[in-house]
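A.B. asks: If you scroll down you'll find the structure; I have some questions about it.
The values are calculated or read from the model by the stated rules, or taken from the named source; none is laboratory data. Model, not experiment: these values are computed from the prediction. Note: ideal-geometry Cβ built from the backbone for every residue, glycine included; neighbour counts use all protein chains shown. Ligands, DNA and RNA are stripped out before the accessible areas are found, and what is left, the full protein with its side chains, is counted by its heavy atoms. Shrake-Rupley method; radii C 1.70, N 1.55, O 1.52, S 1.80 Å.
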Amino acid sequence: MEQGQWRQARRLVREARHAIALTGAGISAESGVPTFRDAGGLWKSYRPEELATPEALARDPRTVLEWYAWRRSALADCRPNEGHRALARFFLGRGESGLVTQNVDGLHTRAALEEAGKGPAEAALPLELHGAVGRDRCQSCAARWPAEPLGETLPQCSACGGLRRPDVVLFGEALDADLLDRARGLAEQADLCLVVGTSAVVYPAAALPLATREAGGHIVEVNVRRTALTEAATLALRGEAGTILPALLDRQSGSPR
Ligand code: BV8
Ligand code: ZN
């Protein structure tokens, strides 16, 4: 990456009064979590319409629940990487929330708790726009639980008998309105939106960086390749999140090797 671009990126981070970050599956790739649309990604082996929609869940709940049980088991050995940790330290240092994720893997939350040590982790806890695969919720009422292994019979809500399903937002399901309002408010106030490891094709999440830009803020993209958002970015830093983010966000570090 050429030095001028790097210096400009570091200046935008240093001078940002209100910074937010929108992350996608790419930030968890180095933790061993498969992305969706990359070669070898989840959508290459499965068709999202067949698995990640409320119609699929209604039509064939066992297949959908078994797919999520497989994804949960694939996550069991994954740990936050240096990209998650650098973002946690950044927001802890600023003492102001701004981390918005599309990911459901819970790795940002783990990084926040690990980096905060004894201190308050709040500023580094993410807004999980698409929910969390480590939680179940009831299809019919508001009950939520920590995820449990799938048994022989379809899991039922102990309160109302409804279907217990992963607490994630499927295609065609609405995002939590309050969460989305908070994320939109943060994006409109931000003068810097870091966009890390997302193909920026899923809405309404992908519209958030554009809200920052429309309000006069800068988009700095961190990705290994071009995306639907690269055009709109002030700077597109090409490389892996686990390498770029510590160098970009930690106070004393220089540019990545
Ligand atoms: C809604 C499930 C309205 C959870 C996910 C046409 C038909 C139907 C719907 C629509 C349509 N047009 C638009 C829509 C809306 C739809 C949508 O946007 N569809 C897109 C695909 C066209 N959106 C919705 O349905 C949303 N709901 O709009 O509801 C509504 C309102 C009222 C009432 C009812 C309904 C719901 C969106 C959430 C869907 N859920 N998944 C799960 O199983 O995970 S989306 C899925 O994609 C994931 O959640 C993921 O978060 C999301 C985005 O993917 P990315 O994170 O970007 O991952 P991807 O693999 O694509 O990219 C990885 C990137 O990382 C790449 O750029 C790669 O280069 C980069 N990378 C890789 N390695 C690294 C790296 N970068 C840096 N470092 C590395 N090491
Ligand atoms: Zn219920």
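A.B. asks: To check you understand DSSP bridge types, tell me what percent of the beta bridges within the chain (both residues inside) are antiparallel, rounded to 5.
C.D. replies: Here the share of antiparallel DSSP bridges comes out near 30 percent.
A.B. asks: On to the next question. So what's Rg/Rh here for segment 75-190, counting alpha carbon atoms and using the Kirkwood radius for Rh?
C.D. replies: Rg divided by Rh gives 1.02.
A.B. asks: Let me ask something else. Output the Cα-based Rg and Dmax of the chain in Å, rounding Rg to one decimal and Dmax to a whole number.
C.D. replies: Radius of gyration, then largest Cα-Cα span, for the chain: 18.4, 60 Å.
A.B. asks: With the other protein chains left in place, how much accessible area per residue, in square angstrom, belongs to segment 1-101 at a 1.4 angstrom probe?
C.D. replies: Accessible surface, normalised per residue, equals 47 Å².
A.B. asks: Shifting gears a bit: Which whole-number percentage describes the relative contact order of segment 1-99, with Cα contacts under 8 Å and a sequence gap of 6 or more?
C.D. replies: The value is 29 percent.
A.B. asks: Here is a further query. Distance from the Cα centre of segment 58-133 to that of segment 148-197, in angstrom?
C.D. replies: 12 Å
A.B. asks: Between 0 and 90 degrees, rounded to the nearest ten: what's the tilt of helix 177-189 against the longest Cα principal axis of the chain?
C.D. replies: For helix 177-189, the angle is close to 10 degrees.
A.B. asks: Summarise the long-distance tail of P(r) for segment 1-40 by giving the % of C-alpha pairs beyond 16 Å.
C.D. replies: 58 percent
A.B. asks: Express the relative contact order of the chain as a whole percentage, based on alpha carbon pairs under 8 Å and six or more residues apart in sequence.
C.D. replies: So the answer I get is 23 percent.
A.B. asks: Only residues of segment 218-248 count here: report those whose backbone N is under 17 Å from the spot 7 Å along Cα→Cβ of W43, or say none.
C.D. replies: 224-230
A.B. asks: Give me the net charge for the shell around L154: Cβ to Cβ below 14 angstrom, other residues only, Lys and Arg +1, Asp and Glu -1.
C.D. replies: -1
A.B. asks: Percent antiparallel among DSSP beta bridges with both residues in segment 123-257, to the nearest 5?
C.D. replies: So the antiparallel bridges in segment 123-257 amount to around 50 percent.
A.B. asks: Still on this structure, I have one more. Please work out how much length the chain gains when fully extended from T234 to F171, using 0.36 nm per residue of separation minus the C-alpha to C-alpha distance, in nm with one decimal.
C.D. replies: Answer, rounded to one decimal: 19.7 nm.
A.B. asks: Beyond 17 Å, what percent of the Cα pairs of segment 43-101 remain?
C.D. replies: Across segment 43-101, Cα pairs with separations above 17 Å total 59 percent.
A.B. asks: Can you tell me the 0 to 90 degree angle between the C-alpha axis of helix 82-94 and the longest principal axis of the chain, rounded to 10?
C.D. replies: It is inclined by approximately 70 degrees.
A.B. asks: Ignoring any ligand, DNA or RNA, what whole percent of the accessible area of segment 34-188 comes from carbon and sulfur when the probe is 1.4 angstrom?
C.D. replies: Roughly 52 percent, rounded to a whole number.
A.B. asks: Using the alpha-carbon atoms, what tilt in degrees (0 to 90, nearest 10) does helix 107-116 show relative to the longest principal axis of the chain?
C.D. replies: 60 degrees
A.B. asks: State, as an integer percentage, the relative contact order of segment 129-257 based on alpha-carbon contacts under 8 Å between residues 6 or more apart.
C.D. replies: Normalised by residue count, the contact order of segment 129-257 is 16 percent.
A.B. asks: Rounded, prolate or oblate, given the Cα gyration tensor of segment 167-246, with a/c below 1.5 counting as rounded?
C.D. replies: oblate
A.B. asks: Okay, next question. Could you work out the helix-only [θ] at 222 nm for the chain, with each DSSP H run of four or more residues adding -39,500 (n - 2.57) and the total divided by the number of residues, to the nearest 500 deg cm²/dmol?
C.D. replies: Counting only the DSSP helices, I get -10500 deg cm²/dmol.
A.B. asks: What do you get for GluC sites (Glu not before Pro) in segment 85-151 restricted to DSSP loop and a cutoff of at most 15 other Cβ within 10 Å of the site's Cβ?
C.D. replies: Listed in order of number, the matching sites are E96.
A.B. asks: Please label the shape of segment 1-119 as rounded, prolate or oblate, based on the square roots a ≥ b ≥ c of the eigenvalues of the alpha-carbon gyration tensor (a/c under 1.5 means rounded; beyond that, a/b larger than b/c means prolate, else oblate).
C.D. replies: Taking the square roots of the gyration eigenvalues as a ≥ b ≥ c, segment 1-119 is prolate.
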